[in-house]
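J.: Please find one structure pasted underneath; my questions will follow.
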Amino acid sequence: MELGQVIRKYRKKKNLTQEEMAARLGVSAPAVNKWENGNSMPDIMMLAPIARLLGITTDELLSFSEELTEKEIKDIVDEADRRLKEQSFEEAFCWARQIIERYPNCEMLIWQIAVIFDARRMMKEVQDEEIYDPIICAWYQRALESRDETVRQRSADSLFSFYLRKNEYEKAEECLRFFSEQNPERKRKQAQIYSAANQIRKAYQVYEELLFADYQMINATLQGLYLLALQENNFEKAHLFADKQSEAARCFDMGRYHEAASQLEIATLEKDADTVLSIMEEMLGSVNDINSFTKSPLYEHMKFKDVNEDFLNELKNNLRQCFQDEETYGFLRKEEK
């Protein structure tokens with residue numbers, strides 16, 4: 001908040017007019033009016049008397065707070081956007097530097113200012129744009145030092161894109177340390193670096209690993225939703241999620257075994273003999289191709305372990321034993337098939 005805004009805010013809280021405030025400070029009413037409108041600043045010797053009169057500290061008067069509110073940050077960002085539309089880039093940039101000097105500890109503001117000015121250079125032709133690189137980069141670096149993890153990650157993301165555009169791949173890769181090993185964004189960004197550096201095979205492999213991991217997560221999530229639907233005895237919704245699991249297996253080239261397997265449980269619960277027998281037959285018939293996804297072009301740069309024949313035979317035997325379970329599949333006893 002500007003000094004004049006602070007004076008106006010607390011003067012009104014004290015129910016003082018500009019004339020009354022001026023009389024108590026021994027200055028003219030127009031002087032107070034100029035302070036509040038930002039047309040002039042009070043003499044440094046007046047700061048303490050003004051603060052005492054308004055019942056605040058000099059730090060509050062000068063807005064030396066460690067953090068700005070979300071609304072205050074938004075107001076500043078909106079002002080930056082307005083200036084970029086109405087002024088030259090250079091003029092707006094000078095204003096932004098002054099704002100950051102005024103609020104040096106607000107990393108969220110620093111990051112947002114860096115983003116808006118960095119983005120505007122890409123959207124609109126800016127003369128001698130490279131002269132702004134060191135300053136914008138320094139703003140991103142300052143935001144990286146934030147104690148707020150969200151600010152750190154957002155700043156790392158922005159700085160990563162900044163370096164990638166500049167073809168500074170090693171510096172872009174350094175930004176990845178701000179993303180945990182478990183965060184898929186880290187791998188996706190690594191693939192972007194490989195792609196930009198023309199390391200095509202490595203980029204393919206990382207993207208394929210992400211794709212394969214995404215399927216595992218999607219399948220597990222749909223299974224969780226399916227179980228919730230069963231918990232509510234909502235068989236219509238359970239069918240929906242089981243169908244989606246089959247569609248996901250098809251979409252990600254997981255093979256017929258995985259497409260069919262997701263439908264077995266709900267068909268069994270509904271004692272749909274024809275469907276259960278059809279699924280059983282399909283699962284047993286596709287066991288040998290259970291790893292057919294390893295031959296899919298979606299994963300051609302990934303390395304998978306070979307599945308030996310003993311494992312496949314054991315899986316078939318386990319399936320047959322499972323399908324003979326009296327408690328689960330006893331309703332099929334009279335089915336000739």
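The values are calculated or read from the model by the stated rules, or taken from the named source; none is laboratory data. In this text the structure is predicted, and so the values were computed from the model without any measurement. Don't worry about glycine lacking a Cβ; one is built from the backbone with ideal geometry, like all the others, and counts go over all protein chains shown.
J.: Of the residues Ala119, Ala197, which single one is touching a residue at least 24 places away in the same chain (Cβ under 8 Å) and small (Gly, Ala, Ser)?
T.: Details: Ala119 fails: touching a residue at least 24 places away in the same chain (Cβ under 8 Å).
Exactly one residue qualifies, and that residue is Ala197.
J.: When you go through Lys187, Lys202, Lys166 one by one, which is the residue that is basic (Lys, Arg) and in contact with a His (Cβ under 9 Å, 6 or more places away or on another chain)?
T.: On the way: Lys187 fails: in contact with a His (Cβ under 9 Å, 6 or more places away or on another chain); Lys166 fails: in contact with a His (Cβ under 9 Å, 6 or more places away or on another chain).
Step by step, each of Lys187, Lys202, Lys166 is checked, and only Lys202 is basic (Lys, Arg) and in contact with a His (Cβ under 9 Å, 6 or more places away or on another chain).
J.: I've got another one for you. Would you say Val307 is of a type outside the set (Ser, Thr, Tyr) and in contact (Cβ under 8 Å) with a residue 24 or more places away in the chain? If you could, list the steps in order and put the result at the bottom.
T.: Working: of a type outside the set (Ser, Thr, Tyr): yes; in contact (Cβ under 8 Å) with a residue 24 or more places away in the chain: no.
No; evaluated as a whole, the condition is false for this residue.
J.: Right, another one. Being part of a helix (DSSP H, G or I) and either hydrophobic (A, V, I, L, M, F, W, C) or outside the structural domain of Leu109 (by TED's automatic domain parsing) (or both) narrows it down to one residue among Tyr204, Tyr163; which is it?
T.: Numbers: Tyr163 fails: either hydrophobic (A, V, I, L, M, F, W, C) or outside the structural domain of Leu109 (by TED's automatic domain parsing) (or both).
Exactly one residue qualifies, and that residue is Tyr204.
J.: One residue is enough: does segment 271-292 have a residue meeting the conditions in a helix (DSSP H, G or I), in contact (Cβ under 8 Å) with a residue 60 or more places away in the chain and more than 29 Å from Gln153 (Cα to Cα)? Give the derivation first.
T.: Of the residues in segment 271-292, the ones in a helix (DSSP H, G or I) are 273-285, 287-289, 292.
Then keep just the ones that are in contact (Cβ under 8 Å) with a residue 60 or more places away in the chain; that gives 273, 277.
Now restrict to residues that are more than 29 Å from Gln153 (Cα to Cα): 273, 277.
Yes: one or more hits.
J.: Let me ask another. Among the residues of segment 321-337, count how many are surrounded by 11 or more Cβ atoms within 10 Å (Cβ to Cβ) and not in a loop (DSSP other than H, G, I, E, B). Quick ask: steps written out before the conclusion?
T.: As a first pass, look at segment 321-337 and keep what is surrounded by 11 or more Cβ atoms within 10 Å (Cβ to Cβ): 322-324, 328-332, 335.
Pick out the ones that are also not in a loop (DSSP other than H, G, I, E, B) and you get 322-323, 328-332.
Count: 7.
J.: Here's another thing I want to ask about it. Among Ile193, Ile135, which is the only one that is touching a helix residue (DSSP H, G or I) at 6+ places or on another chain (Cβ under 9 Å), more than 25 Å from Pro104 (Cβ to Cβ) and of a type in the set (A, V, I, L, M, F, W, C)?
T.: Values: Ile135 fails: more than 25 Å from Pro104 (Cβ to Cβ).
Residue meeting the stated conditions: Ile193.
J.: In segment 134-149, is there at least one residue being surrounded by 14 or more Cβ atoms within 10 Å (Cβ to Cβ), free of Cβ contacts under 8 Å to residues at least 24 places away in the same chain and part of a helix (DSSP H, G or I)?
T.: Within segment 134-149, the subset surrounded by 14 or more Cβ atoms within 10 Å (Cβ to Cβ) is 135-137, 139-140, 142-144, 146, 148.
So of that shortlist, the ones also free of Cβ contacts under 8 Å to residues at least 24 places away in the same chain come out as none.
Checked segment 134-149: no residue is surrounded by 14 or more Cβ atoms within 10 Å (Cβ to Cβ), free of Cβ contacts under 8 Å to residues at least 24 places away in the same chain and part of a helix (DSSP H, G or I).
J.: State yes or no: is Lys171 at pLDDT 95 or above and surrounded by fewer than 18 Cβ atoms within 10 Å (Cβ to Cβ)?
T.: On the way: at pLDDT 95 or above: yes; surrounded by fewer than 18 Cβ atoms within 10 Å (Cβ to Cβ): yes.
Yes.
J.: Another one. May I ask you to say which residue of Glu270, Glu300, Glu265 is farther than 30 Å from Val206 by Cβ and surrounded by fewer than 17 Cβ atoms within 10 Å (Cβ to Cβ)? Outline the logic, then answer.
T.: On the way: Glu300 fails: farther than 30 Å from Val206 by Cβ; Glu265 fails: surrounded by fewer than 17 Cβ atoms within 10 Å (Cβ to Cβ).
Residue meeting the stated conditions: Glu270.
J.: Looking at Ala92, Ala48, can you tell me which residue is small (Gly, Ala, Ser), crowded, with 16+ Cβ neighbours inside 10 Å and part of a helix (DSSP H, G or I)? Lay out the reasoning, then the answer.
T.: Values: Ala48 fails: crowded, with 16+ Cβ neighbours inside 10 Å.
Matching residue, one of Ala92, Ala48: Ala92.
J.: For segment 242-250, check the following and say yes or no: at least one residue is surrounded by 15 or more Cβ atoms within 10 Å (Cβ to Cβ) and under 30 Å from Lys202 (Cβ atoms).
T.: Yes; the residues of segment 242-250 include at least one that is surrounded by 15 or more Cβ atoms within 10 Å (Cβ to Cβ) and under 30 Å from Lys202 (Cβ atoms).
J.: Regarding segment 248-261, can at least one residue be identified that is of a type outside the set (Phe, Trp, Tyr), without any contact (Cβ under 8 Å) to a residue 40 or more places away in the chain and on the phi > 0 side of the Ramachandran plot?
T.: The first filter runs over segment 248-261 and keeps only residues of a type outside the set (Phe, Trp, Tyr), leaving 248-251, 253-256, 258-261.
Applying the additional criterion that residues be without any contact (Cβ under 8 Å) to a residue 40 or more places away in the chain yields 248-251, 254-256, 258-261.
Remaining after also requiring on the phi > 0 side of the Ramachandran plot: 255.
So far as segment 248-261 goes, yes, one or more of its residues are of a type outside the set (Phe, Trp, Tyr), without any contact (Cβ under 8 Å) to a residue 40 or more places away in the chain and on the phi > 0 side of the Ramachandran plot.
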